[in-house]
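Structure record follows, encoded as structure tokens.
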Amino acid sequence: MKNSRITELRKEHKHSQSTLSEMLGVAQATLSQWELGTRGIDLEALKKIAKIYDVTTDYLLGMSDIKKPETSNISPEKARILKRLATSDDAMVAEVSQFMDYVDFKKGNMDESTAKLLAEKK
């Protein structure tokens with residue numbers, strides 16, 4: 001499979017194949033083969049390219065059209081929690097949501113009508 005995303009990013013950043021291959025520590029011929037799709041790319045090289053161009057590996061593989069999710073304003077702790085939630089079952093997500101509603105209510109961050117609606121759910 002031709003990997004036009006690598007070519008596109010390389011050109012976007014005005015890197016030659018020679019420059020990028022040096023950054024990756026591979027032969028220029030290897031990079032060329034990855035770009036043409038005549039050779040599979042290994043995981044470590046894929047991760048390096050993603051880091052160099054600040055994109056996700058999913059974007060490089062064509063699995064997503066989003067280069068980089070907007071997470072720059074999220075603290076590492078919030079990112080860790082979001083990652084855990086993303087892999088949690090629906091029951092866990094519902095429980096976490098209820099707990100967050102409870103904390104909002106206790107802090108006074110919830111209006112009375114929302115508090116009543118939540119109380120009716122129980």
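Derivation of every value follows stated rules applied to the coordinates shown; laboratory data play no part. Please read all numbers here as calculations on a predicted model, not as lab measurements. Neighbour counts run over all protein chains shown; Cβ positions are idealised from the backbone, glycine included.
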| message | Give me the one-decimal nm value for the distance between modelled label points at D90 and Q33, 7 Å along each residue's Cα-to-Cβ direction. | response | 4.7
| query | Which translational diffusion coefficient, to the nearest whole µm²/s, is obtained for the chain from the Stokes-Einstein equation, given a Kirkwood hydrodynamic radius over C-alpha pairs, 20 °C and 1.002 mPa s? | reply | 119
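Taking the Cα centre of the chain as origin, sum charge times position over the Cβ atoms of Lys and Arg (+1) and Asp and Glu (-1), and report the length of that vector in debye to the nearest 20.
Numbers: 20 positive and 19 negative charges, 73 e Å.
Around 340 debye, computed over the chain.
By how many nm would the segment from A79 to H15 lengthen if fully extended, with 0.36 nm per residue of separation less the alpha-carbon distance? It would help to have the intermediate numbers written out before the result.
Working: separation 64, 0.36 × 64 = 23.04 nm, distance 3.16 nm.
Full extension from A79 to H15 adds 19.9 nm.
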| remark: Asserting the computed 222 nm helical MRE of the chain (DSSP H runs at least 4 long, -39500 (n - 2.57) per run, divided by residue count, to nearest 500) equals -19000 deg cm²/dmol
| request: Would you work out which of A45, S88, I66 lies farthest towards the positive end of the dipole of the stretch 1-98, given +1 charges on the beta-carbon of Lys and Arg and -1 on that of Asp and Glu, about the Cα centre? | output: A45
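For the stretch 4-60, rounded, prolate or oblate, judged on the Cα gyration tensor with a ≥ b ≥ c (square roots of eigenvalues), a/c < 1.5 rounded, else prolate if a/b > b/c?
On the way: a/c = 1.29, a/b = 1.09, b/c = 1.19.
Since a/c stays below 1.5, the shape of the stretch 4-60 is classed as rounded.
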| field | Magnitude of the charge dipole, the stretch 1-66, Cβ model with Lys/Arg +1 and Asp/Glu -1, debye to 20 | value | 120
